[in-house]
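Enquirer: Dropping a structure here in structure tokens format, bear with me for questions.
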Amino acid sequence: MSDSSAPQVARVDAGVPSQSLISTTLIVYALFGVAAVVGLASSGFPLIAPLVGLVCSIGLILAYVKRGEAAGTWLESHYRWLIRTFWFS
């Protein structure tokens, strides 16, 4: 018979991202999507074109800030892809 009076320690999985990190990732994807749509819609409208750079730059800054927090989770590859997408495009 084993003694089960030892306290149970809650184990936190290192590979599971927090809900706020998942939400931030979705926001960055949405900002990049909005920038793409605005970029397509602004062809021929030079006054709207700077909005593309602003929206996409905000998404890039968020991706760089949260990249370290995503290290070791399944979101790490998403942040790497988002940052590379910005620089390649």
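Readers should treat all values here as calculations from the given coordinates under stated rules, not as data from a laboratory. Not measured: the values here are computed from a predicted model. Reconstructed Cβ throughout: ideal geometry from the backbone, glycine too, with neighbour counts over all protein chains shown.
Enquirer: Give the residues of segment 45-89 whose amide nitrogen is closer than 16 Å to a point set 7 Å from the Cα of Ser23 in the direction of its Cβ.
Expert: The answer is 66.
Enquirer: Another one. Work out from phi, with θ = phi - 60° and the Karplus expression 6.51 cos²θ - 1.76 cosθ + 1.60, the ³J(HN,Hα) of each residue of segment 77-89, listed in order in whole Hz, and give x for Gly and Pro.
Expert: Residue by residue, segment 77-89 yields 5, 5, 5, 4, 5, 4, 5, 5, 4, 4, 6, 6, 8 Hz.
Enquirer: A follow-up question, please. Between segment 12-51 and segment 55-87, what is the separation of their alpha carbon centroids in Å?
Expert: 10 Å
Enquirer: While we're looking at this one, here's another question. What does the charge count near Tyr64 come to, summing +1 for each Lys or Arg and -1 for each Asp or Glu among other residues with Cβ under 14 Å from its Cβ?
Expert: Working: positive: Lys66, Arg67, Arg80, Arg84; negative: Glu69, Glu76.
For residues surrounding Tyr64, the net value is +2.
Enquirer: Kindly write out, for segment 26-40 in residue order, the coupling ³J(HN,Hα) from the Karplus curve 6.51 cos²θ - 1.76 cosθ + 1.60 (θ = phi - 60°), rounded to whole Hz, with x marking Gly and Pro.
Expert: 5, 5, 5, 4, 5, 4, 5, x, 4, 4, 5, 5, 5, x, 5
Enquirer: Where does each of 17-26, 77-86 land if you order them by average Cβ count within 10 Å, highest first?
Expert: Details: 17-26: 14.3, 77-86: 15.9.
The packing order, highest mean first, is 77-86, 17-26.
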